[in-house]
1. For the list (1) at pLDDT 95 or above; (2) over 19 Å from B:T219 (Cβ atoms), I need the number of the one condition that A:T37 fails.
2. I'm trying to understand the selection: among the residues of the stretch A:247-266, which are in contact with a helix residue (DSSP H, G or I) (Cβ under 7 Å, 6 or more places away or on another chain) and either more than 7 Å from chain B (Cβ to nearest Cβ) or part of a helix (DSSP H, G or I) (or both)?
3. Can you report the number of residues in the stretch B:194-212 which are in contact with a helix residue (DSSP H, G or I) (Cβ under 6 Å, 6 or more places away or on another chain) and not hydroxyl-bearing (S, T, Y)?
4. Residue check, B:N18 against (1) more than 17 Å from the chain's Cα centre (by Cα); (2) crowded, with 21+ Cβ neighbours inside 10 Å, all met but one. Which one?
5. Residue under question is B:N225, and the condition is that it be out of contact with any Lys or Arg (no Cβ under 8 Å at 6 or more places or on another chain), more than 8 Å from chain A (Cβ to nearest Cβ) and at positive phi; does it hold?
6. Of all residues in the stretch B:190-231, how many are small (G, A, S) and under 25 Å from the mean Cα position of the chain (by Cα)?
7. State all residues of the stretch A:3-44 that are in contact with a Leu (Cβ under 9 Å, 6 or more places away or on another chain), outside any helix (DSSP H, G or I) and β-branched (V, I, T); if no residue qualifies, say none.
8. Can you name every residue in the stretch B:150-169 that is open to solvent by less than 10 Å² (accessible area, probe 1.4 Å), facing another protein chain (nearest Cβ under 7 Å) and within 16 Å of B:P114 (Cβ to Cβ)?
Number of protein chains: 2
Amino acid sequence: MCRIKNITLIGAGSVATNLAHIFLKNNFIINQVYSKTLTSAQKVSNLTNSQATNKITEINKNSDLYIISINDDFYKEIIQKLKIPEKSLILHTSGSININIFKNKYKNYGVFYPLQTFTKNKILDFKNIPLCIEANTTENLQKLNKLATIFSENINIINSNQRKTIHLSAVFACNFTNHMIDIAYRINEKNNINPDILIPLITETIKKSTENHPKNNQTGPAKRNDNKIISEHIDILNKIFTSKDLENIPKLYRFVSENIQDLNKD
Amino acid sequence: MCRIKNITLIGAGSVATNLAHIFLKNNFIINQVYSKTLTSAQKVSNLTNSQATNKITEINKNSDLYIISINDDFYKEIIQKLKIPEKSLILHTSGSININIFKNKYKNYGVFYPLQTFTKNKILDFKNIPLCIEANTTENLQKLNKLATIFSENINIINSNQRKTIHLSAVFACNFTNHMIDIAYRINEKNNINPDILIPLITETIKKSTENHPKNNQTGPAKRNDNKIISEHIDILNKIFTSKDLENIPKLYRFVSENIQDLNKD
């Protein structure tokens, strides 16, 4: 049985907000929500009927579980100041931060990294979200694993180095993919075409990549070495993206095209 | 009423195969299928109970509609040799080729460009696929529009310049997106992690970009100017992608990150 009942959330961003919803739904008690911005803490504490604070020294000592879910830059500062009961478990939710950030500071600690892109005002169903978990002892890993089963059916025991690499892959799969779609939208807007025209194409592209390894789905001018079309496309990009912030898009087109050619040589 | 009944398909690739299925389902008659590779022509002609040929001079003169759906490189050659009845309509399905390729050669012509990524062995439902249509006369455009309504509820009258730009945007939305996901998969494979772990993330990323402009969804180390993580990621990429064909991936990471920073300056 999982003996975690009382929880303190350190952070009030999109991950913390999503976690708060799942905890509430499963009858956990959120004691307190910390954020350096009090109004952010209050948004989540109102939701969870808990106390809000923006002072790390005022974090209560009554919780079984402390979850830190903040911007990577602030972890060191928070951990330096945060005191919790020795028996309590402390977790962070970052893809990049090594578990050892907790070493010599706390007794029971681990990582609970949900591999997903979260939005503050959108509560996701966690059932299929891959959770990457890691803990400092076998006992804590078991405890964390039990907690994770409340959230998801996709639990993965992943060490800090693997997690960092998974996070890197997520930058390509999520952030870079979003950027490519962003540029595609902007091209259509400059062309006075509603960018929604791309939605069925984007949906099918992604569907294919979940059905088959994306290396087998690569199509387009770069893949077929159609240098005439590549040149024409770069000419169009040079014409439509003239402002300083956009002037590298033609170079990006060439760079990505060359990379596709590198990776798709027969 | 649309008086098109008999159709000749010039090309037997994924677009032609998908079109053949829709035509059959709607009781059109496919007379003949041409491909420079006879076995490819035969695959589609068997399906459509029609004749196969790999000789452009043997293309029949009995069809109301001729649809050219081949690699962009071969259009000029095909059009130079292809003779059709004056009253017949001829269409091509390319995103990049100007309608004027048909000028002075045929009397009734147009473009039927489905904005989608096709796979030979996967027949798609066309209902939501955006069709970009263009024709040389109002009468032919009406005829083509009627034909298009059989396929899709998303019909767009688009001129050749707009179509070329839409096609360029599709390179970003489809080909480049797929390439980013391809690299993400390879990173996990090198890390001995099943790349399927990324599927919920990719699915949600795309869902967000269809709900909200992707410029509002940009997240990640580049967006938040986290240069420490960017450097760490480039170090990992340099370690895992050492072979000649993959050595530009770290540079790609930096280049795309810089481009995200350019486009997301406050």
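1. Result: A:T37 passes all but (2).
2. The initial filter retains those residues of the stretch A:247-266 that are in contact with a helix residue (DSSP H, G or I) (Cβ under 7 Å, 6 or more places away or on another chain), namely A:248-250, A:252-257, A:259-260, A:262-263, A:265.
Within the stretch A:247-266, A:I249, A:P250, A:L252, A:Y253, A:R254, A:F255, A:V256, A:S257, A:N259, A:I260, A:D262, A:L263 qualify.
3. Of the stretch B:194-212, the ones in contact with a helix residue (DSSP H, G or I) (Cβ under 6 Å, 6 or more places away or on another chain) are B:195, B:198-199, B:201-202, B:205-206, B:209-210.
Subset that is not hydroxyl-bearing (S, T, Y): B:195, B:198-199, B:201-202, B:206.
Number satisfying all stated conditions: 6.
4. Single failed check for B:N18: (1).
5. Working: out of contact with any Lys or Arg (no Cβ under 8 Å at 6 or more places or on another chain): yes; more than 8 Å from chain A (Cβ to nearest Cβ): yes; at positive phi: yes.
For B:N225, the condition - out of contact with any Lys or Arg (no Cβ under 8 Å at 6 or more places or on another chain), more than 8 Å from chain A (Cβ to nearest Cβ) and at positive phi - is met.
6. Filtering the stretch B:190-231 for residues small (G, A, S) gives B:209, B:220, B:222, B:231.
This time we only want the ones that are under 25 Å from the mean Cα position of the chain (by Cα), so: B:209.
So the answer is 1.
7. A:I4, A:I7, A:T8, A:I10, A:I30, A:V33
8. Hits for the stretch B:150-169 are B:I166, B:S169.
The values are calculated or read from the model by the stated rules, or taken from the named source; none is laboratory data. The model shown is predicted, which means the values in this text are computed figures rather than measured ones. Quick reminder, even Gly has a Cβ in these numbers, built from the backbone with ideal geometry, and neighbours come from all protein chains shown. Areas reflect the complete protein model, heavy atoms only, side chains present, ligands, DNA and RNA absent. Shrake-Rupley method; radii C 1.70, N 1.55, O 1.52, S 1.80 Å.
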